[in-house]
1. Grab the other residues whose beta carbon is less than 15 angstrom from that of H78, score K and R as +1, D and E as -1, and report the net.
2. Restricting to lysines 8 or more places apart or on different chains, can you count the pairs in segment 124-212 with Cα atoms under 16 Å from each other?
3. Read phi for every residue in segment 33-41 and hand back ³J(HN,Hα) as whole Hz from Karplus 6.51 cos²θ - 1.76 cosθ + 1.60, θ = phi - 60°, with x for Gly and Pro.
4. Would you work out the Kirkwood radius for the chain? I mean one over the mean of 1/r across all pairs of different Cα atoms, in Å.
5. Largest first and to the nearest Å, give the Cα extent of segment 56-117 along each principal axis.
6. FRET efficiency for M131 and R180, Cβ-Cβ distance as r, R0 = 25 Å, nearest 0.05?
7. Calculated from DSSP H runs of 4 or more alone, at -39500 (n - 2.57) each and per residue, what is the 222 nm mean residue ellipticity of the chain, nearest 500?
8. Report, in cubic angstrom per residue, the convex hull volume of the C-alpha atoms of segment 107-209.
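Readers should treat all values here as calculations from the given coordinates under stated rules, not as data from a laboratory. Remember, predicted model here, so these are calculated numbers, not experimental data. Cβ: placed from backbone, ideal geometry, glycine included. Neighbour counts: every protein chain shown.
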Amino acid sequence: MAIKHLHRTEDFILGIWRVEEDEETLKLKVGGEYFPGLARITNERRRLEWLAARSLLREFGYEGHVMYHPTRRPFLAHSRSHISITHSYPFVAVIMSEKYYVGIDIESFARPFVQVKDKYLTENEKKWVEMDDNRRLALIWSAKEAIYKLPGMSGLGGSDMEVKRINTLADDGNLEASVRIGNAVQHFKLKYHYMDYFNVVWVCCNPKTLVW
């Protein structure tokens, strides 16, 4: 089994899978003989990531299908649980919660984030983050991606979200961010986890506390 990390709390279940299996092995883990979603994917790595995400859901105890809203946000068929899925080969991460909205993102901090700094950094963020500090640049990117995956965030840009200054880094840590939609500002607390040269960032929030 290639589960790299499995974290259960009262609020959510989070799993990270490192893809080490071939396609047939992952199909056995998922179970069944019919994979309609997989049939539309031709890229070999994407097929493995698709199967690894479903394998994680089986570990969570869910054996149904993953569906998608028109915005491409995933949801579980015949379930009220919320999910979010992310992948950056060879890692796949899934977070699921029965009562809270969730968002998750995984990135390699080997990516040249400085090349797109003007796309996602606010002017305040540019004041405190060093442009050669890819660990912090990646965390800011992932934090905004995780928030963007929450319901109601479609259409937001990087300048609509701001991550609070990150003073220290650890293998596991916390982040804070704010989001502006119209005249309303919403504050979020996020968590992150490092593995190899990747970071995973996730957010879990009570829908009743969202103010728009």
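1. On the way: positive: R80; negative: E63, E98.
Once positives and negatives cancel, what remains is -1.
2. Summing the qualifying lysine pairs gives 11.
3. Ordered by residue, 3J(HN,Hα) equals 10, 10, 10, x, x, 5, 5, 8, 9 Hz.
4. Hydrodynamic radius (Kirkwood, Cα only) of the chain equals 17.8 Å.
5. In descending order, the Cα extents are 42, 25, 19 Å.
6. Details: r = 24 Å, r/R0 = 0.97.
After rounding, the FRET efficiency stands at 0.55.
7. On the way: 6 runs with 54 residues, N = 212.
Helix-only estimate at 222 nm: -7000 deg cm²/dmol.
8. Values: hull volume 10.1 nm³, N = 103.
Hull volume normalised by residue count: 98 Å³.
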